[in-house]
Amino acid sequence: MRKTVLNIIILTLILISCKQNNKSELNTRELTQIEITDEYKLEFLNQIFSDNSKSRIIFDKKELISNISINIPPTLPVDLKNPKRTISHSEFISDTLKINDIDFVKGQFKKNKDFNISRIKEYGFNVIDIKKYTENKIEWDSINKIAEKYYAENSVANIYSILYITKPIFNKELNLAYVRIRQGSGGMTGIYEKQNKIWKLKYELDNWVE
């Protein structure tokens, strides 16, 4: 009798282990099957930059877009049970996009390192090489003056600053996207939704001004 019970326990443990391994393999396959191409990211950026609604972020295609992201991190929620703890940026994005998969977010951060945002020039937008200026130790005041001079020479009215935007993070259905945007002395987090093949601002949060 004892031997029979022991065999049942061992068999149950083996079945649980197999189920967990299968679930892990399914999750791994699911992550690798969701391909977010550079072209998909570029089309997303093209659409939000081309938006002419009241939520538009670019008013003139001559506006300067940074080729790197310079952004203040979002104000992350605090754990009410432990006020000294805040959730990570990846957790914040996962919760915001209702992904419930931090590894999926982290994987996008990793792949985004190779994404060249300068390719947005293919859609007729202007990119300023902030990466080169910072690598050459050019002061930020000088970079801002370069931008101001450019706008003056190109007769761009009422625009004085450079647009900084993070590389987009998407949900698994690829119909929600997360970006951080900085313009001048302020910025916000933008959540965009794709409906009928068009990306539109769904809502913004964590607005800030320096």
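Measuring how big the stretch 26-139 is from its alpha-carbon positions, Rg and Dmax come out at 17.4, 49 Å. Rounded to the nearest percent, how much of the accessible area of the stretch 55-176 (1.4 Å probe, protein heavy atoms only) is carbon and sulfur? For the stretch 55-176, the apolar C and S fraction of the accessible surface comes to 50 percent. Solvent-accessible area per residue in the stretch 58-159 equals 65 Å², computed with a 1.4 angstrom probe and all protein chains kept. Of all aspartates and glutamates in the structure, those lying under 18 Å Cα to Cα from residue 137, and not within fewer than 8 positions of it along the same chain, are 129. Counting only heavy atoms of the protein chains and using a 1.4 Å probe, residue 104 has close to 10 Å² of accessible surface. Spatially, the stretch 151-210 and the stretch 94-130 are offset by 12 Å when compared through their Cα centroids.
Over all other residues within a Cβ to Cβ distance under 9 Å of residue 87, the charged ones net out to -2, with Lys and Arg as +1 and Asp and Glu as -1. Cross-link partners of residue 98 among aspartates and glutamates, defined as those whose alpha carbon lies under 20 angstrom from its own and excluding same-chain residues fewer than eight positions apart: 30, 35, 79, 173, 193, 204, 206. Of the three principal axes defined by the Cα atoms of the stretch 102-210, the extents in descending order read 43, 32, 29 Å. For the residue pairs 54/106; 54/113; 111/149; 172/202; 113/149; 111/200, alpha carbon separations beyond 26 Å are given by 54/106; 54/113; 111/149; 113/149.
The aspartates and glutamates whose alpha-carbon is closer than 13 Å to the alpha-carbon of residue 61, local same-chain residues fewer than 8 away aside, are 51, 122.
The values are calculated or read from the model by the stated rules, or taken from the named source; none is laboratory data. Only a predicted model underlies this, so the values are computations on that prediction, with no experimental measurement involved. Neighbour counts are summed over all protein chains in view; Cβ atoms, including those assigned to glycine, are modelled from backbone coordinates with ideal geometry. To get the accessible areas, we keep the full protein, side chains included, count just its heavy atoms, and leave off ligands, DNA and RNA. Shrake-Rupley method; radii C 1.70, N 1.55, O 1.52, S 1.80 Å.
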